[in-house]
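Engineer: Shown below is the structure under consideration.
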Amino acid sequence: MAGLYRTFQKTSAAAIKSMTEASQLPWYCPYRSHFRKSRVPKEVYEERSKEHEKYGGDPEQPHKLHLVTRVKSVTRRPYWEKEMVKNLGLEKGHTPRVHKNIPSVNNRLKIVKHLLRIQPLKLPYGLPAEEDMADTYLNSKGELIVRKLLKPVDPKAIDS
């Protein structure tokens, strides 16, 4: 250490300045002061037609609604993923939510797709009417079931 000090004392200030400018301090490694969103290439988000056959989907007639369930925790995840999960209404785990299959929602789902299970919402009885919405429920297979309640018989029909 003393030897280095002596060599720096003997050399002039201009020589030291020229040495540091030339070397650009190779041991200096700047740290990241802010944790920023990584730059994900566009190829990751391109549609892959082979996956339609793999998951049983039809690219000509896509499903209208997604059944989205959060299956992994957001603990130790970046802030933008936590915000996106909150915006999608998936704060509570293993609770399904229904979202539209539109590009704006799909772009938000792509950001946190590794934390979610996304299934098409199946409608075995078709889209329910407005008056049937109170008698519907989601089963574990991702199907929206409409309970068909028996309607009361007209008293005129009983009398005759």
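Engineer: Applying the Karplus parametrisation 6.51 cos²θ - 1.76 cosθ + 1.60 with θ = phi - 60° to the phi angles of the stretch 79-90, what ³J(HN,Hα) value in whole Hz is obtained for each residue in order, glycine and proline being reported as x?
Structural biologist: 4, 5, 6, 5, 5, 5, 4, 5, 5, 7, x, 10
Engineer: Any chance you could run the full-extension gain for residue 79 through residue 138? It's 0.36 nm times the residue separation minus the Cα-Cα distance, nm to one decimal.
Structural biologist: Length difference between fully extended and current span is 18.1 nm.
Engineer: For residue 90, enumerate residues with amide H under 5 Å from its amide H, sequence gap 5+ or separate chain, H modeled in the peptide plane.
Structural biologist: Amide H to amide H, under 5 Å and 5 or more residues apart or across chains, residue 90 pairs with nothing.
Engineer: I need the phi-derived Karplus couplings for the stretch 97-105: 6.51 cos²θ - 1.76 cosθ + 1.60, θ = phi - 60°, integer Hz, Gly and Pro marked x.
Structural biologist: 10, 9, 10, 6, 8, 10, x, 5, 6
Engineer: In percent, how large is the relative contact order of the stretch 86-154, given Cα pairs closer than 8 Å and 6 or more residues apart?
Structural biologist: Relative contact order comes out at 22 percent.
Engineer: Under the 0.36 nm per residue contour assumption, what length would be gained going from the current alpha-carbon distance of residue 43 and residue 123 to full extension?
Structural biologist: Working: separation 80, 0.36 × 80 = 28.80 nm, distance 3.24 nm.
Stretched fully, the residue 43-residue 123 segment lengthens by 25.6 nm.
Rule-based calculations on the coordinates, nothing more; no lab input. Values in this document were obtained by computation on a predicted structure and should not be read as measured data.
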